[in-house]
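Read the structure below first, then the notes.
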Amino acid sequence: MTQEYKGTALVTGASSGIGAVYAHRLAKQGYDLIIVARNGERLKALASGLTEETGRTVETVVADLGNTADLARVEGVLKQDRSITLLVNNAGVGGTAPLLAADVDKMQKMMELNVTALMRLTYAAVPGFVARGGGTIINIASIVAIVPERLNGVYGATKAFVLAFSQSLKHELAERNIRIQAVLPGATATEFWGIAGTPIEHLPSEIVMSAEAMVDASLAGLKQGEFATIPALEDAGLLSAYEQARQALMPNLSRSMPAKRYKLA
Ligand SMILES: NC(=O)c1ccc[n+]([C@@H]2O[C@H](COP(=O)([O-])OP(=O)(O)OC[C@H]3O[C@@H](n4cnc5c(N)ncnc54)[C@H](OP(=O)(O)O)[C@@H]3O)[C@@H](O)[C@H]2O)c1
């Protein structure tokens with residue numbers, strides 16, 4: 001073990017893709033891990049590989065975060081394990097079909113995982129972080145949080161929730177030494193695309209990043225104190241301008257009278 005111990009990181013959706021890379025990078029940074037997903041075999045294989053490589057303790061929790069009882073079990077871990085200093089809310093599924101071709105029951109399941117589970121796990125983690133004087137939450141959103149026209153609209157809306165919720169967490173917890181980061185990956189080469197309905201091979205390679213590069217950039221953004229990290233965005237000024245436009249709207253959004261353009265006299 002070369003790195004200083006940084007506490008325990010709980011990473012959801014760590015059995016593949018982006019979550020598995022977070023698990024690897026965080027173990028190398030000095031975190032013990034609790035890795036969560038449905039596929040126990042994959043989690044176990046990852047855990048033993050990581051322990052062998054880094055010497056860190058890696059616990060596996062097999063849970064379907066779309067299932068209320070399983071979710072409650074993971075919430076219990078977050079409430080009880082005082083060693084947890086970092087929560088990575090990564091587990092998620094997407095979709096690429098438009099409304100007329102999408103199954104509404106699948107849309108609801110997506111919302112239960114991408115929105116409800118992420119929200120409940122955050123609620124489970126924050127009081128302990130406050131009581132212990134600090135902590136970090138990394139919420140994996142997506143670029144579709146700001147461009148929901150790109151993929152399935154419900155998927156985009158779930159990620160807009162993640163971004164908006166993260167924004168409010170940052171605001172509410174600013175004085176509590178709790179760091180919040182929202183990560184907005186563009187297309188990333190994982191199993192996500194096949195599951196979402198469009199194999200990754202159908203995307204132009206120049207817009208697809210490796211999960212390793214995506215996670216490394218995001219962790220660099222976290223270190224630099226970024227709130228919203230868009231790994232592919234070359235000109236950070238564009239994101240600042242977007243935020244400035246939002247801030248400029250803020251004092252103008254609630255008034256006793258409708259705006260003059262509605263001509264209500
Ligand atoms: N890939 C992209 O282009 C991209 C872009 C932007 C954002 N994202 C976001 O990145 C996150 C990770 O996705 P990925 O690209 O790494 O895809 P992935 O390889 O398919 O990984 C998804 C992870 O979530 C877990 N998971 C899925 N359903 C679950 C459930 N019901 N309960 C518990 N765990 C569950 C999966 O494990 P099990 O199957 O073992 O449960 C897996 O570990 C997602 O939130 C996704 O929306 C991805």
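Each reported figure results from applying straightforward, stated rules to the coordinates on display, with no laboratory input. Only a predicted model underlies this, so the values are computations on that prediction, with no experimental measurement involved. So basically every Cβ, Gly included, is an ideal-geometry build from the backbone, and we count neighbours across all protein chains shown.
Rounded, prolate or oblate, given the Cα gyration tensor of segment 1-152, with a/c below 1.5 counting as rounded? The shape class here is prolate. When the GluC sites (Glu not before Pro) in segment 1-88 are filtered for DSSP coil states and for at most 14 other beta-carbon atoms within 10 Å of their beta-carbon, the remaining sites are E4. When you filter the GluC sites (Glu not before Pro) in segment 180-229 for DSSP loop state and at most 14 other Cβ atoms inside 10 Å of their Cβ, you are left with E191. The alpha carbon centroids of segment 1-50 and segment 66-126 are separated by 18 Å. Each peptide in 44-51, 104-111 was scored by the mean count of other Cβ atoms within 10 Å over its residues; highest first, the order is 44-51, 104-111.
Which net charge results when you count Lys and Arg as +1 and Asp and Glu as -1 among the other residues whose beta-carbon is under 14 Å from that of N39? Walk me through the numbers before you get to the answer.
On the way: positive: R38, R42, K44; negative: E41, D64, D70, E191.
That works out to -1.
Just to confirm the number: angle between the C-alpha axis of helix 40-54 and the first principal axis of the chain, 0 to 90 degrees, nearest 10? It is inclined by approximately 70 degrees.
The long axis of helix 118-132 is offset from the longest Cα principal axis of the chain by roughly 70 degrees.
Put in order of Cβ neighbour count within 10 Å, fewest first, the listed residues I195, I178, I230, I140 become I195, I178, I230, I140. By how many degrees, between 0 and 90 and to the nearest 10, does the Cα long axis of helix 211-223 differ from the longest principal axis of the chain? Helix 211-223 sits at roughly 80 degrees to that axis.
Based on alpha-carbon atoms only, what is the radius of gyration of segment 172-265 relative to the globular estimate 2.2 N^0.38 Å?
Values: Rg = 19.3 Å, N = 94, 2.2 N^0.38 = 12.4 Å.
Against the compact-globule rule of thumb, the ratio is 1.56.
Need one word for the chain: rounded, prolate or oblate. Basis is the Cα gyration tensor (sqrt eigenvalues a ≥ b ≥ c); a/c below 1.5 gives rounded, then a/b vs b/c decides. Prolate, because a/c is 1.5 or more and a/b exceeds b/c. Each Cα pair under 8 Å and six or more residues apart adds its separation to the average, and for the chain the resulting relative contact order is 16 percent.
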